[in-house]
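Visitor: Take a look at this one; I'll ask things after.
The values are calculated or read from the model by the stated rules, or taken from the named source; none is laboratory data. All of these numbers come straight from a predicted model, not from anything done at the bench. Reconstructed Cβ throughout: ideal geometry from the backbone, glycine too, with neighbour counts over all protein chains shown. The accessibility values were calculated without ligands, DNA or RNA, using every heavy atom of the protein model including side chains. Shrake-Rupley method; radii C 1.70, N 1.55, O 1.52, S 1.80 Å.
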Amino acid sequence: MASVQSVLDQLSYGLYIVSSCSDGRCNGQISNAVMQVTAFPPRIAVSINKTELTHEFIEKSGLLSVSILAQTAPMSLIGLFGYQSGRNINKFADTSHIVSPRGCPIAIEHCVGLIEGRVTGKMDAQTHTVFLADVVDAKAIGGVPMTYAYYYKELKGKAHKNAPTYSGATSAPAAAAAPSAPATPPTKVTTPPSSSPSASYVCDVCRYIYDPAKGDPENGVPAGTPFSSLPDDWVCPICGVGKDQFSAMK
């Protein structure tokens, strides 16, 4: 008999930036837990972890937006909204966005469609709140939407521990903020670090794997560069942490 998680992993997901506002502040986060629930009126459901700043803003304002990410969205954008905290940085400072007449921020960078919703109900789901929202505005931009399968298989993306479909070390799902990961995280060796120039290293925060054979060409690191030879100011291309938060892999 297949495990419950192995069956749940067969469910399909998209990838979205869910945003809201409160007292003049804006914040957004990656989510894969968005779905349409009724056609008349058009209504969506969005699951957000209770510990997230976006959850706090949705509760206060009663507004939320959903930016449907395109398949062309870079990992840097996903990392910014999926692994950085809005309590520490302004995620919209360098991200193309608009603010609706109702004051809700809406990311427009690398998106195929935009939705703004007004919260009409909610359900307590222990670690999460499932917000019901009537669609008050929507815009199609065009392009191919990113699925979680593409994010995981093609971009080698990993799950945030707060994803509602997270299937990491624990047997039960944790919460919501970023996409899920059906695979078990790679085994790490933190001490001593590997001295092999071909050794790969994994980010302790977002699970990004630095492979010396591939390097990080988008950030000026050519293929064949050992982890030990990375510049001191090099940071994880997904979540932005430094080299000190990487561990050698077996």
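Matching residues to (1) closer than 26 Å to Gln71 by Cα; (2) among the aliphatic types (A, V, I, L, M); (3) part of a loop (DSSP other than H, G, I, E, B):
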site: Ser12; (1), (2), (3): yes, no, yes
site: Ile17; (1), (2), (3): yes, yes, no
site: Gln29; (1), (2), (3): yes, no, no
site: Phe40; (1), (2), (3): no, no, yes
site: Ala45; (1), (2), (3): yes, yes, no
site: Ile48; (1), (2), (3): yes, yes, no
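Visitor: Which number in (1) modelled with pLDDT of 90 or more; (2) surrounded by 15 or more Cβ atoms within 10 Å (Cβ to Cβ) marks the one condition that Ala223 misses?
Guide: Only one criterion in (1) modelled with pLDDT of 90 or more; (2) surrounded by 15 or more Cβ atoms within 10 Å (Cβ to Cβ) is unmet by Ala223, namely (2).
Visitor: Return the total of residues in the stretch 103-124 being closer than 16 Å to Met35 by Cβ and surrounded by fewer than 16 Cβ atoms within 10 Å (Cβ to Cβ).
Guide: 3
Visitor: Starting from the stretch 57-80, take each residue that is in contact (Cβ under 8 Å) with a residue 24 or more places away in the chain and list its partners that are among the aromatic types (Phe, Trp, Tyr) and surrounded by fewer than 21 Cβ atoms within 10 Å (Cβ to Cβ), counting only C-beta distances under 7 angstrom and pairs at least six apart or across chains.
Guide: Once the first residue is in contact (Cβ under 8 Å) with a residue 24 or more places away in the chain and sits in the stretch 57-80, its partners that are among the aromatic types (Phe, Trp, Tyr) and surrounded by fewer than 21 Cβ atoms within 10 Å (Cβ to Cβ) give Gln71/Tyr150.
Visitor: I need the full set of residues from the stretch 37-66 which are β-branched (Val, Ile, Thr) and within 20 Å of Asn88 (Cβ to Cβ), in order please. Show your work before the answer.
Guide: Taking the stretch 37-66 as the starting set, the residues that turn out to be β-branched (Val, Ile, Thr) are 37-38, 44, 46, 48, 51, 54, 58, 66.
Ile48, Thr51, Thr54, Ile58, listed by residue number.
Visitor: Given the criteria in contact with a Pro (Cβ under 9 Å, 6 or more places away or on another chain), loosely packed, with under 14 Cβ neighbours inside 10 Å and at pLDDT below 85, does Ala169 qualify?
Guide: yes
Visitor: So which residues in the stretch 82-130 are closer than 13 Å to Thr54 by Cβ, part of a loop (DSSP other than H, G, I, E, B) and polar (S, T, N, Q)?
Guide: Correct list: Gln84, Ser85.
Visitor: Here's a follow-up. Just to be sure before I move on: is Leu53 free of Cβ contacts under 8 Å to residues at least 60 places away in the same chain and within 23 Å of Met35 (Cα to Cα) in the structure I sent? Let's see the steps before the verdict.
Guide: Working: free of Cβ contacts under 8 Å to residues at least 60 places away in the same chain: yes; within 23 Å of Met35 (Cα to Cα): yes.
Judged against the criteria, Leu53 is a match.
Let's see how each residue does on (1) within 22 Å of Pro237 (Cβ to Cβ); (2) among the acidic types (Asp, Glu):
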residue: Ala2; (1), (2): no, no
residue: Phe57; (1), (2): no, no
residue: Ser61; (1), (2): no, no
residue: Ser96; (1), (2): yes, no
residue: Cys104; (1), (2): no, no
residue: Glu109; (1), (2): yes, yes
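Visitor: Could you tell me whether Ala175 is open to solvent by less than 60 Å² (accessible area, probe 1.4 Å), modelled with pLDDT of 95 or more, under 21 Å from Leu69 (Cβ atoms) and not aromatic (Phe, Trp, Tyr)?
Guide: Spelling it out, it is not the case that Ala175 is open to solvent by less than 60 Å² (accessible area, probe 1.4 Å), modelled with pLDDT of 95 or more, under 21 Å from Leu69 (Cβ atoms) and not aromatic (Phe, Trp, Tyr).
Visitor: Return yes or no: is Arg87 touching a helix residue (DSSP H, G or I) at 6+ places or on another chain (Cβ under 6 Å) and either within 25 Å of Ile238 (Cα to Cα) or surrounded by fewer than 23 Cβ atoms within 10 Å (Cβ to Cβ) (or both)? Before the answer, list the steps.
Guide: Details: touching a helix residue (DSSP H, G or I) at 6+ places or on another chain (Cβ under 6 Å): yes; either within 25 Å of Ile238 (Cα to Cα) or surrounded by fewer than 23 Cβ atoms within 10 Å (Cβ to Cβ) (or both): yes.
Spelling it out, Arg87 is indeed touching a helix residue (DSSP H, G or I) at 6+ places or on another chain (Cβ under 6 Å) and either within 25 Å of Ile238 (Cα to Cα) or surrounded by fewer than 23 Cβ atoms within 10 Å (Cβ to Cβ) (or both).
Visitor: Of all residues in the stretch 203-242, how many are of a type in the set (Gly, Ala, Ser), over 21 Å from Tyr83 (Cα atoms) and part of a loop (DSSP other than H, G, I, E, B)? So that I can check it myself, show each step before the final result.
Guide: Step one: of the stretch 203-242, the residues of a type in the set (Gly, Ala, Ser) are 213, 215, 220, 223-224, 228-229, 240, 242.
Now restrict to residues that are over 21 Å from Tyr83 (Cα atoms): 213, 215, 220, 223-224, 228-229.
Now drop any that are not part of a loop (DSSP other than H, G, I, E, B), which leaves 213, 215, 220, 223-224.
Adding up the residues that qualify gives 5.
Visitor: Okay, next question. Taking the stretch 15-63 only, how many residues are among the acidic types (Asp, Glu) and more than 18 Å from the chain's Cα centre (by Cα)?
Guide: 2
Visitor: I would also like to ask the following. Tell me which residues, restricted to the stretch 118-134, are among the β-branched types (Val, Ile, Thr) and farther than 9 Å from Arg43 by Cβ.
Guide: Let us first name the residues in the stretch 118-134 that are among the β-branched types (Val, Ile, Thr), namely 119-120, 127, 129-130.
Matches in the stretch 118-134: Val119, Thr127, Thr129, Val130.
Visitor: Return only the number of the condition from (1) of a type outside the set (Val, Ile, Thr); (2) over 22 Å from Ser12 (Cα atoms); (3) under 16 Å from the mean Cα position of the chain (by Cα); (4) modelled with pLDDT under 60 that Tyr208 does not satisfy.
Guide: That leaves (4) as the condition not met.
Visitor: I want to confirm something. Restricting to the stretch 1-21 and keeping residues that are open to solvent by 10 Å² or more (accessible area, probe 1.4 Å) and among the polar types (S, T, N, Q), which single residue is modelled with the lowest pLDDT?
Guide: Gln5
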